[in-house]
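Everything on this sheet refers to the single structure shown next.
The values are calculated or read from the model by the stated rules, or taken from the named source; none is laboratory data. Keep in mind the model is a prediction, meaning the values are calculated, not measured. No Cβ is skipped: glycine too gets one built from the backbone with ideal geometry, and neighbour counts run over all protein chains shown. Just so you know, the surface numbers come from the protein's heavy atoms only, side chains and all, with ligands and any DNA or RNA stripped out. Shrake-Rupley method; radii C 1.70, N 1.55, O 1.52, S 1.80 Å.
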Amino acid sequence: IRLERSFWRDNNFPYFLVTLAPFGAGQSGTGGGGFTNAFNLHTSPDGPFSIELLSLLAHETFHTWNPLKMGRIRSPEENTNWFSEGFTTYYQDLLLWQAGLIGDAQYLDSVNRLTRDYHLSPARNSTLQELVNRPRQDQAKGRIPYERGAMLALWLDDEIRRRSSGKSSLDTVMRELFEERKRHADLSKDRIFAAIGRYVDATVLGEVREYVESGTSIEAPQKTRVECAEKKMVKMNEFELGMDRTMLIEKNRVIALKPGSAAERAGLKNGDIVNGISIHWNDTTKPIKLTIKGGRRIEYLPLGPSRKIPQYRCP
């Protein structure tokens, strides 16, 4: 909390409430929510104080300012989720790295994860209007504002730094949006664009609008804030469930099984009834584990088609 108050140069709080709510016995995972001068955290009583938990704390604390202290967000919130959630996702590990709470390798892991999730997302090129009209139609569309916003923040920070010879950065834009709050009741995408436009030319601002509104693919910058990191193109597999996601989650049935997929090769059949599900969405390194009615257990890596995506490595 002290770290983020220092970033925003703001220590004006009448109070700040932190709540910790443990999951029940046998449950795992983490979750949280940011509120006015407060956040709550859900985690396992037996869970370690991991990097993931630290990132979650940084994310929810950042919401105290973005967007809560910048202005009111009008419905539909999908118009600005790319900023409120996506830019917050970008900053959560950047601030931890700047404070020395995580190292270069851990921070680059975070950057590589966001570039991977963005480039492999099937919803990457969804327009803003599509997200507004059907924001949670599927899991990919629900996540793309986080991924697109974080990727945009990474690219935009590099653009501002290069064009100002290091005199300004995305940090400058964020602080100005916070400092001008008394003159603006609402935090709209046009107000965000206006703040960005004070630090880039019309061409770059036009690109920002295209990325946000049209879903144009965002190019990964050559550099990150870790000086030794170099961009490389690496072949990675898309996440492929291998069946209809909605039917699996809502009906516990295997429907529309994809021929030749890892799911089919593992032994699943159309019509199977699923009694147990363990899935790390969009993570191709962790196996999907399903328990089929009758006790049969199925396990497979959700590896789909491969493509080359940018990743950052230090020599």
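Compute the relative contact order of segment 103-209 as a whole-number percentage, counting only Cα pairs closer than 8 Å that sit 6 or more residues apart in sequence.
Once divided by the residue count of segment 103-209, the mean separation gives 19 percent.
Remind me, relative contact order of segment 63-164 in percent, using alpha carbon pairs under 8 angstrom and six or more residues apart?
40 percent
Calculate the spin-label point distance for GLU180 paired with ILE277, positioning each point 7 Å from the Cα along the beta-carbon direction, and give it in nanometres.
That separation, rounded to one decimal, is 4.4 nm.
Can you compute the FRET efficiency between PHE23 and THR203 using 1/(1 + (r/R0)^6), with r the Cβ-Cβ distance and R0 = 45 Å? Round to the nearest 0.05.
According to the calculation, E is roughly 0.40.
When a/c reaches 1.5 or more, the comparison of a/b and b/c decides; with that in mind, is segment 238-297 rounded, prolate or oblate per its Cα gyration tensor?
rounded
Quick check on segment 1-158: take the gyration tensor over C-alpha atoms, sort the square-rooted eigenvalues as a ≥ b ≥ c, and tell me if it's rounded (a/c under 1.5), prolate or oblate.
Rounded is the answer for segment 1-158, as its axis ratio a/c remains below 1.5.
Averaged per residue, what accessible area in Å² does segment 186-315 show with a 1.4 Å probe, protein chains only?
54 Å²
About its Cα centre, how strong a charge dipole does segment 1-71 have in debye, to the nearest 20, once Lys and Arg get +1 and Asp and Glu get -1 at the Cβ?
So the dipole magnitude of segment 1-71 works out to roughly 280 debye.
Could you state the angle between the C-alpha long axis of helix 139-163 and the longest principal axis of the C-alpha atoms of the chain, as a value from 0 to 90 degrees rounded to the nearest 10?
So the helix axis and the longest Cα principal axis differ by about 40 degrees.
Give me the number: length gained by fully extending ARG245 to ALA194, i.e. 0.36 nm times residue separation minus the C-alpha to C-alpha distance, one decimal in nm.
14.4 nm
Could you give the Stokes-Einstein D for the chain in µm² per second, using the C-alpha Kirkwood radius, 20 °C, 1.002 mPa s?
It diffuses with D of about 101 µm²/s by this estimate.
Take the alpha carbon gyration tensor of segment 198-294, find the square roots of its eigenvalues, order them as a ≥ b ≥ c, and report rounded if a/c is under 1.5; if not, report prolate when a/b exceeds b/c, else oblate.
Prolate is the answer for segment 198-294, as a/c is 1.5 or above and a/b outweighs b/c.
Any idea of the accessible area per residue across segment 91-150, 1.4 Å probe, to the nearest Å²?
Accessible area per residue: 42 Å².
If you place +1 on the Cβ of every Lys and Arg, -1 on the Cβ of every Asp and Glu, and leave all else neutral, what size is the dipole of segment 178-276 about its Cα centre, to the nearest 20 Debye?
Approximately 240 debye in magnitude.
Grab the beta carbon distance between ASN125 and LYS223, set R0 = 30 Å, and tell me the FRET efficiency rounded to 0.05.
Plugging the Cβ-Cβ distance into 1/(1 + (r/R0)^6) gives 0.75.
Apply 1/(1 + (r/R0)^6) to the Cβ-Cβ distance of GLU299 and THR216, taking R0 = 35 Å, and write down the FRET efficiency to the nearest 0.05.
Efficiency at R0 = 35 Å is approximately 0.40.
Using the alpha-carbon centroid of each, what span in Å lies between segment 171-244 and segment 6-24?
Segment 171-244 and segment 6-24 have Cα centres separated by 26 Å.
On a straight-distance basis, which lysines could pair with LYS289 in a cross-link, Cα separation under 26 angstrom, same-chain partners fewer than 8 positions away excluded?
Here the lysines satisfying the reach criterion relative to LYS289 are LYS141, LYS235, LYS251, LYS258, LYS269.
How large, in percent, is the carbon and sulfur part of the accessible surface of the chain at a probe radius of 1.4 Å?
Carbon and sulfur atoms account for 48 percent of the accessible area of the chain.
Pairs of alpha-carbon atoms within less than 8 angstrom and 6+ residues apart define the contacts here; what relative contact order does segment 190-299 have, in percent?
Answer for segment 190-299 is 14 percent.
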